[in-house]
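Bear in mind that the values in this text are calculations on the coordinates, not laboratory data. Quantities reported herein were computed from a predicted structural model and do not represent experimental measurements. Every residue, glycine among them, receives a Cβ derived from its backbone with ideal geometry; neighbour counts consider all protein chains shown.
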Amino acid sequence: MPYLIVAVVLVGVLCVLNLLLTVGVIRRLRKQAASAAFLPPMAGGLAIGERMPEFAATTTDGEPVSDELLEGPALIGFFSPSCQPCTELMPRFIDHARHTSAAVLAVVVTHSDDEAVADVERLAEVARVVVEAPQAAIQSAFQVAGYPALFVIGADGRVTDNDPVLPATVSA
């Protein structure tokens, strides 16, 4: 009987210790996630080496933009006003666009034009801007499933980079 009591007490102590360690790990993970400045990997999208798809749209300035008018090299970004990683990436995208000789297209994805006004104003300084609803023409053409999404198109019209972190391969 004393062995049984010792075994139950030992199992109880181990369970409490395990619970305390688990709570500590959860706290550390939450703290790390809150302070991390990372962007999740882009879900879907054109793969490196694929040709820029055919698309046509009108910018917020009323100018036509299409795959034929947007020759490489080009930087194309997809942003959503309600997306926290998009908000974090946009200032770096704008700064990068200011210093590149590549054509720059920014697609703001939103259900409401009013929601996109601030982003459109910021992006219009450095890029041709198109506002479209989710899953509209340009997003479908580039197979975008998550935001932010960035594509670098080379001079040959093929995707050279599709990393949601600012690509280093855009010519400056």
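A few comments on the model shown:
- Computed from the C-beta positions of Glu50 and Glu115 and an R0 of 22 Å, the FRET efficiency is 0.10 to the nearest 0.05.
- A simple charge model with +1 on the Cβ of Lys and Arg, -1 on the Cβ of Asp and Glu and nothing else charged puts the dipole of segment 56-161 at about 280 debye relative to its Cα centre.
- Close amide H partners of Val104, meaning residues 5 or more places away or on another chain with modelled amide H under 5 Å apart, are Leu75, Arg128.
- Karplus (6.51, -1.76, 1.60) ³J(HN,Hα), θ = phi - 60°, over segment 147-163, in Hz, Gly and Pro reported as x: 10, x, 9, 10, 10, 10, 9, x, 4, 8, x, 9, 5, 9, 7, 9, 8
- Free-standing Cys residues across the chain, given no other cysteine C-beta under 4.7 angstrom: Cys15
- The DSSP beta bridges internal to the chain are antiparallel in roughly 50% of cases.
- Extension gain for Glu88-Val8 works out to 23.6 nm (0.36 nm per residue, less the C-alpha to C-alpha distance).
- Calculated FRET value between Lys31 and Arg98, using beta carbons and R₀ = 35 Å, to 0.05: 0.50
- The amide H of Val131, built 1.01 Å from its N in the peptide plane, has Thr60, Val108 as neighbours under 5 Å, considering only residues 5 or more places off or on other chains.
- Here is what passes the span test in the chain: the DSSP H helices with alpha carbon length of 30 Å or more along the helix axis and a Kyte-Doolittle mean of -0.5 or above are 2-35.
- Taking the fewest neighbouring Cβ atoms within 10 Å as the starting point, the ordered list for His96, His111 is His111, His96.
- The modelled label-to-label distance between Asp156 and Ala141, using points 7 Å beyond Cα along the C-beta direction, is 2.1 nm.
- For the chain: relative contact order, % (alpha-carbon pairs under 8 angstrom, 6 or more apart): 31 percent
- Ordering Gly62, Ala145, Ile76 by the projection of their Cα atoms onto the charge dipole of the chain, which places +1 on the Cβ of Lys and Arg and -1 on the Cβ of Asp and Glu, puts Ala145 at the extreme positive end.
- Working from label points 7 Å from Cα in the Cα-to-Cβ sense, the Met1 to Val23 distance is 3.4 nm.
- Amide H contacts under 5 Å for Asp161, placed H, 5+ residues apart: Val152
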